[in-house]
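Asker: This is the structure, below, for whatever I ask next.
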Amino acid sequence: MILQSAESTPGIRSGWSELCNLHSPMQKHVPLVDLHAQHAALKSKLLEAFERTLDRGDFILGGAVQEFETAFARLCGVSHGVGLGTGLDALRIALEALGIGPGDEVILPANTFIATALAVSAAGATPRLVDCNLDTFLIDVTQAANEVGPATRAILPVHLTGQCVDMDAILALAQRHHLPVVEDAAQAHGATYKGRSAGSMGVAGCFSFYPGKNLGACGDGGMLVSNDDGIAAYARYARNYGQRARYDHAVKGGNARLDTLQAAILGIKLPLLQEWNAARAKAAEQYRELLRGVGDLVLQEPAPGSTHVYHLFIIQTSRRDALQQFLKERGIDTGVHYPVPVHLQEAYRDLGYRPGDFPRAELLAGRMLSIPMHPHLTEETVEYVAGSIREFFGA
Ligand SMILES: *Cc1c(COP(=O)(O)O)cnc(C)c1O
């Protein structure tokens, strides 16, 4: 459990012990994400799913995969869902399905998890990076427009932290240049933009079910969703050795299949997604109320037209590292998403970008702090976290 005010040693609460309480029994531990709380409530159902899968024995592309694909595609309001091994697989396969490869460029934000760029590289193409907006952390569409060139083959916006990119602007840009849009929705399960689901607005939407995502497996998982029959068919071949029918291989595919057991687990969790997202939003509202105007904190602005499913709750301060240390001493885990933007990663030295190329992404990398956010946060825990932040700033 997340909150343990273990008062097993009576009388220890003295002024002195409070001062020295780094590891005292009073110490609460607040994790960034609490999978234990999520699974505790579901344990018997998850074990049943495991037993059912064991009994059926359909471990590879079994019934649970198809059932979950159908259910998740319905949630997104699209006709196809193809269960894949990871979110990275979904992004790579979406690009490959569009025929994108060596010599081609794909536009994506510098401020994202590196997997977005790695998918472009894995397809053999070249990432073309653009900066983000300071207030929403999302791709700067105006700059994206300036980066479109003769080699551009697709635009890859990322619905980072749980808010959708301004898709009207992205889709208008894409239409002007006859480019497909692939959405990285790995942080945006259930988010909407003007009533449309994340993942349903481009030619393909890519999701990850990494355990810590808003909808997470007990292991790796991913999905490509699409209304395009051709893209979905390609993804089904590509995930399974290119196989169209037994021993009839249509394309040079790999192995990128969603595991049956993971699909069974995801099928149990899916009906809870909306409720979990609502719980995240409620905690976020409480954080906002308690943190408004505190110190030099800057809170994330709402992205126009989008709901927010709060995969992350990020605050900004010039004293980020000191605040992180202060919270650590109070048992509060935090994270930085992400400390080094894609263009400054050693893995992408070959692209030739330099410090200063994307000043907003770089500024944010030094100022952002992700504070605990998950559906099982209690009001008391949010108060404890926010209270500790206020204390740091003397507010
Ligand atoms: C998690 C994530 C991915 C990759 O998903 P995996 O399932 O870990 O491969 C891609 N893009 C973003 C924005 C993510 O947060």
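Asker: Identify, from the list 266, 215, the residue that is under 12 Å from residue 69 (Cβ atoms), among the hydrophobic types (A, V, I, L, M, F, W, C) and under 22 Å from the mean Cα position of the chain (by Cα).
Answerer: Every option except 266 fails the conditions.
Asker: Do we have residue 228 as crowded, with 24+ Cβ neighbours inside 10 Å, acidic (Asp, Glu) and farther than 29 Å from residue 56 by Cβ here?
Answerer: no
Asker: While we're here: Please go through region 307-327 and pick out each residue that is more than 16 Å from the ligand (Cβ to nearest atom) and either under 28 Å from residue 276 (Cα atoms) or touching a Leu at 6+ places or on another chain (Cβ under 8 Å) (or both). Show your work before the answer.
Answerer: Filtering region 307-327 for residues more than 16 Å from the ligand (Cβ to nearest atom) gives 307, 315-327.
Matches in region 307-327: 307, 315, 316, 317, 320, 323, 324, 327.
Asker: With the requirement that a residue be farther than 22 Å from residue 284 by Cβ and surrounded by fewer than 19 Cβ atoms within 10 Å (Cβ to Cβ), what does region 329-343 give you? Step through it out loud before you land on a result.
Answerer: In the first step, residues of region 329-343 are kept if they are farther than 22 Å from residue 284 by Cβ; the result is 329, 339-343.
Once the filter is applied, which keeps residues that are farther than 22 Å from residue 284 by Cβ and surrounded by fewer than 19 Cβ atoms within 10 Å (Cβ to Cβ), region 329-343 yields 329, 339, 340.
Asker: Filter region 178-194 for residues that are outside any loop (DSSP other than H, G, I, E, B) and buried (at least 22 other Cβ atoms within 10 Å of the Cβ) and give the result.
Answerer: The answer is 182, 183, 184, 193.
Asker: Take region 117-143 and flag every residue that is within 23 Å of residue 176 (Cβ to Cβ), within 12 Å of the ligand (Cβ to nearest atom) and either outside any strand (DSSP E or B) or touching a Phe, Trp or Tyr at 6+ places or on another chain (Cβ under 6 Å) (or both).
Answerer: Those that are within 23 Å of residue 176 (Cβ to Cβ), within 12 Å of the ligand (Cβ to nearest atom) and either outside any strand (DSSP E or B) or touching a Phe, Trp or Tyr at 6+ places or on another chain (Cβ under 6 Å) (or both): 120, 138.
Asker: Checking the structure you have, find out if any residue of region 31-46 is outside any loop (DSSP other than H, G, I, E, B), within 16 Å of the ligand (Cβ to nearest atom), under 30 Å from residue 159 (Cβ atoms) and at pLDDT 95 or above. Spell out how you get there, then give the answer.
Answerer: Filtering region 31-46 for residues outside any loop (DSSP other than H, G, I, E, B) gives 35-46.
Still in the list and also within 16 Å of the ligand (Cβ to nearest atom): 35.
Among the residues that remain, those that are also under 30 Å from residue 159 (Cβ atoms) are: 35.
Still in the running and at pLDDT 95 or above: 35.
Yes: one or more hits.
Asker: Return the residue satisfying two criteria in turn: it lies in region 259-285 and is among the polar types (S, T, N, Q) and buried (at least 22 other Cβ atoms within 10 Å of the Cβ), and of such residues it is nearest to residue 380 (Cα to Cα).
Answerer: So, considering only residues that are among the polar types (S, T, N, Q) and buried (at least 22 other Cβ atoms within 10 Å of the Cβ), the one nearest to residue 380 (Cα to Cα) is 277.
Asker: Are any of the residues in region 261-278 free of Cβ contacts under 8 Å to residues at least 60 places away in the same chain and within 30 Å of residue 107 (Cα to Cα)?
Answerer: Within region 261-278, none of the residues are free of Cβ contacts under 8 Å to residues at least 60 places away in the same chain and within 30 Å of residue 107 (Cα to Cα).
Asker: Return the residues of region 372-395 that are over 22 Å from residue 308 (Cα atoms) and either of a type in the set (Phe, Trp, Tyr) or not in a helix (DSSP H, G or I) (or both); say none if nothing qualifies.
Answerer: 384, 392, 393, 394, 395
Asker: Of all residues in region 188-198, which are under 16 Å from residue 274 (Cα atoms) and either within 16 Å of the ligand (Cβ to nearest atom) or in contact (Cβ under 8 Å) with a residue 12 or more places away in the chain (or both)?
Answerer: 188, 189, 190, 191, 192, 193, 196, 197, 198
Asker: Within region 95-113, identify whether any single residue is surrounded by fewer than 21 Cβ atoms within 10 Å (Cβ to Cβ), within 15 Å of the ligand (Cβ to nearest atom) and on the phi < 0 side of the Ramachandran plot, and answer yes or no. Step through it out loud before you land on a result.
Answerer: Initially, region 95-113 is screened for residues surrounded by fewer than 21 Cβ atoms within 10 Å (Cβ to Cβ), giving 99, 101-105, 113.
Pick out the ones that are also within 15 Å of the ligand (Cβ to nearest atom) and you get 113.
Retained after the next criterion (residues that are on the phi < 0 side of the Ramachandran plot): 113.
The answer is yes, given that some residue of region 95-113 is surrounded by fewer than 21 Cβ atoms within 10 Å (Cβ to Cβ), within 15 Å of the ligand (Cβ to nearest atom) and on the phi < 0 side of the Ramachandran plot.
Asker: Residue check, residue 69 against (1) within 12 Å of residue 225 (Cβ to Cβ); (2) outside any helix (DSSP H, G or I); (3) not hydrophobic (A, V, I, L, M, F, W, C), all met but one. Which one?
Answerer: Condition (2) is where residue 69 drops out.
Asker: Inspect region 207-215 for any residue being surrounded by 21 or more Cβ atoms within 10 Å (Cβ to Cβ) and aromatic (Phe, Trp, Tyr) and give the result as yes or no.
Answerer: Yes, because at least one residue in region 207-215 is surrounded by 21 or more Cβ atoms within 10 Å (Cβ to Cβ) and aromatic (Phe, Trp, Tyr).
Asker: What is the residue count in region 72-116 for residues that are assigned to a helix (DSSP H, G or I) and either of a type outside the set (Gly, Ala, Ser) or farther than 20 Å from residue 213 by Cβ (or both)?
Answerer: Taking region 72-116 first, the residues assigned to a helix (DSSP H, G or I) are 72-76, 87-97, 115-116.
Those still in the list that are either of a type outside the set (Gly, Ala, Ser) or farther than 20 Å from residue 213 by Cβ (or both) too: 72, 74-76, 88-89, 91-93, 95-97, 116.
Residues flagged as assigned to a helix (DSSP H, G or I) and either of a type outside the set (Gly, Ala, Ser) or farther than 20 Å from residue 213 by Cβ (or both) within region 72-116 amount to 13.
Asker: For the structure I just gave you, tell me whether residue 175 is away from the ligand (no atom under 13 Å from the Cβ) and at pLDDT 95 or above.
Answerer: yes
Asker: Here is a further query. Which residue, of 169, 204, 185, is touching a residue at least 12 places away in the same chain (Cβ under 8 Å) and within 12 Å of the ligand (Cβ to nearest atom)?
Answerer: Every option except 185 fails the conditions.
The values are calculated or read from the model by the stated rules, or taken from the named source; none is laboratory data. Quantities reported herein were computed from a predicted structural model and do not represent experimental measurements. Cβ: placed from backbone, ideal geometry, glycine included. Neighbour counts: every protein chain shown.
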